[in-house]
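Here the structure comes first, spelled out in C-alpha cells, and everything after it is commentary.
Derivation of every value follows stated rules applied to the coordinates shown; laboratory data play no part. Just so you know, these numbers come straight off a predicted model, no measurement behind them. As a convention, Cβ positions derive from the backbone with ideal geometry for all residues, glycine included, and neighbour counts pool all protein chains shown.
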Amino acid sequence: MNFKPLYDRVLVKRVEEASVSAGGIIIPDSAKEKPLRGAVLAVGAGKLKNDGTLYPLDVKVGDTVLFGKYSGTEIKIDGVEHTILREDDILGILED
C-alpha cells in the first residue's frame with residue numbers, strides 16, 4: 001500500500017532499541033519503552049503558509065529522526081505499526 005502524508009506530516013517507522021543493556025542485562029518486552037527515534041518513510045509536500053504557498057520540509061525520506069515520547073498518531077499499514085508526525089513534533093535529525 002502506498003501512503004502519502006498531507007502538508008507538513010511525516011510517516012515514520014520506529015526503530016527498535018537494543019534488548020540488552022550496556023551492562024549485559026536482558027530487558028524483557030514488557031519493560032521496554034517505545035523507541036524515540038525512527039526512519040522517515042514518506043513526507044508531505046510542505047507546510048502551508050497563510051498566503052497559500054508551501055514551505056518545504058527539512059526532513060526527507062531516509063532520515064533518522066528523534067521525536068517526543070507521546071508525539072504523533074500510531075497507525076497500522078499492511079500490519080506494520082507506523083507513526084504519523086507533524087514536522088513540528090520532530091526534535092532533530094540524527095546524522096552519522
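Could you rank the peptides 39-47, 68-76, 87-95, 8-16 by their average count of other C-beta atoms within 10 Å per residue, with the highest value first?
In descending order of packing, they fall as 8-16, 39-47, 87-95, 68-76.
Which value, in nm² and rounded to one decimal, describes the direction-averaged projected area of the C-alpha convex hull of region 37-82?
Averaged projected area of region 37-82's Cα convex hull equals 4.2 nm².
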